[in-house]
Amino acid sequence: MQIRCYHCGMNFTLRKEEALFVLEALEESGSTHYDARCTRCRHANRISLEQLRRIAPSPQPEDQSEEEG
Ligand SMILES: [Zn+2]
């Protein structure tokens, strides 16, 4: 997911693996947002749970083969 830093305007990407990890942590702690650090200025940008769920949807019984690396 592309995130635009509201502090400096830099576009950076929140990776799916990171979103999955963050989602679990937020749901455990009862938080409603995640502070995504800008890769340029390190400013924290608020990402809502709803946005995170869009990046990291629930696992579905779908067979996909993608190459990574
Ligand atoms: Zn920034």
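Throughout, read-outs are computed from the coordinates displayed, never taken from laboratory work. Just so it is clear, the structure is predicted and the values come from calculations on it, not from any experiment. We place every Cβ from the backbone using ideal geometry, glycine too, and count neighbours over all the protein chains shown.
Some observations on this one:
- Were the residues from L49 through F12 laid out at 0.36 nm apart, the gain over their Cα-Cα distance would be 11.5 nm.
- Taking the Cα centre of region 2-57 as origin and assigning +1 to Lys and Arg Cβ atoms and -1 to Asp and Glu Cβ atoms, the resulting dipole is close to 380 debye.
- Simple spin-label estimate for T32 and Q2 gives 2.8 nm between the two label positions (7 Å along the Cα-to-Cβ direction from each Cα).
- 3J(HN,Hα) along region 27-39, derived from phi through the Karplus expression 6.51 cos²θ - 1.76 cosθ + 1.60 where θ = phi - 60°, amounts to 5, 5, 8, x, 6, 10, 8, 10, 8, 8, 7, 5, 6 Hz, with x in place of Gly and Pro.
- H43 long-range amide H proximity, modeled H, under 5 Å: C38
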